[in-house]
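This report refers to the structure that appears directly beneath it.
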2 protein chains.
Amino acid sequence: MNTAIKIFKALSDRNRLRILLMLTKKKLCVCEIQDILGITVSTVSKHLSILRDIGFIVDNKEGKWVYYSLNTASKDLILNQVMLVLPFYLNDDELIQSDLDKVNNFSRKNLCKS
Amino acid sequence: MNTAIKIFKALSDRNRLRILLMLTKKKLCVCEIQDILGITVSTVSKHLSILRDIGFIVDNKEGKWVYYSLNTASKDLILNQVMLVLPFYLNDDELIQSDLDKVNNFSRKNLCKS
DNA sequence: TTTATATTTCGTTGATTGTCAAAATATAAA
DNA sequence: TTTATATTTTGACAATCAACGAAATATAAA
């Protein structure tokens, strides 16, 4: 499949857009993302693999946890153009703004049992 | 559904990308587009309605024909950013380049019976 | 008005996809 | 090693979607 289509398909899901926007704030592990999205961890993992395979995000293993963060090194034209405007575009999306509040405020201790 | 998601979904189909790229060359009626895509006219019509509803293209009725062209008046941020880079991005897509050749060379007379 | 051409709408079908639960894998703590 | 926590993979299911053919609508020519 054409890379452009893969990119647009990856962006065609609300939960994946939520993940991308969350990661503009800071890197997050899978259970933190799961807590905010409110869906099963297996589904979160699937979404993350789609975003990683197309190059939007990268993963880093730290002990028991896998942290995901935006791939700032990508040279892809569409990917970079989209990430440039997406935060502005979703400025008035209440659910996504609520996600960002949670990202800034939650405490890892309650989610990830150490 | 969120507008951003609608836009990305509209862009997630190869035939719709082909249509958009063709229309960067000139306005086309439905039967011209059908001839190039090689799919049924009802499917072409459906693709066109999706692209029109989200604001990528506009239609103009001229007698028996409906001509479609790019919506150059759109103020949508993502839509404009994407249309800016898409032609460069799909530069090396052989099918789409073949479409553009056909758009420049075909004769309406053989397609649209007057 | 009748016929021909152009386009859209409707109903159906096969393929794709987001979701979940369960099983498998990985790592750290006990 | 055993147990607990984190993550990924697998299989199943319901919803979505691109495609087709047929029917409906629209316009112009005969």
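The values are calculated or read from the model by the stated rules, or taken from the named source; none is laboratory data. Because the structure is a prediction, the values reported are computed rather than measured. Positions of Cβ are generated from backbone atoms using ideal geometry, with glycine treated the same way; all protein chains shown enter the neighbour counts. Just the protein is used for accessible areas: all its heavy atoms, side chains included, with ligands, DNA and RNA removed. Shrake-Rupley method; radii C 1.70, N 1.55, O 1.52, S 1.80 Å.
Quick rundown of the values:
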read-out: Distance between modelled label sites at B:T3 and B:K113, nm, 7 Å Cα→Cβ extension; value: 4.3
read-out: Karplus-derived 3J(HN,Hα), 6.51/-1.76/1.60, for each residue of region B:9-21, Hz, glycine and proline x; value: 5, 4, 8, 8, 10, 4, 5, 6, 5, 4, 4, 4, 5
read-out: Of B:K61/B:K113; B:K25/B:K61; A:K9/B:K46; A:K27/B:K75; A:K25/A:K46; A:K102/B:K9, those spanning more than 25 Å from alpha-carbon to alpha-carbon; value: A:K27/B:K75; A:K102/B:K9
read-out: For B:N2, inter-copy label distances in nm, listed shortest first [label point 7 Å out on the Cα-Cβ vector]; value: 2.4
read-out: Shortest-first distances to equivalent copies, position A:T43, nm, label 7 Å out along Cβ; value: 3.1
read-out: Under-5 Å amide H pairs with B:C29, H placed in peptide plane, nonlocal only; value: B:Y68
read-out: Between helix B:94-105 and chain B: long-axis angle, C-alpha atoms, 0 to 90°, nearest 10; value: 50
read-out: Per residue accessible area in Å² of region A:3-103, where ligands, DNA and RNA are left out and the probe is 1.4 Å; value: 47
read-out: Computed E for A:N105/A:V41 - FRET, C-beta separation, R0 22 angstrom, nearest 0.05; value: 0.55
read-out: Carbon plus sulfur fraction of accessible area for chain A, probe 1.4 Å, in percent; value: 49
read-out: Theoretical FRET efficiency, 1/(1+(r/R0)^6), r = Cβ-Cβ of B:N60 and A:D92, R0 30 Å, to 0.05; value: 0.40
read-out: Shortest-first nm distances, A:Q97 label point to equivalent points in other copies (7 Å, Cα→Cβ); value: 4.6
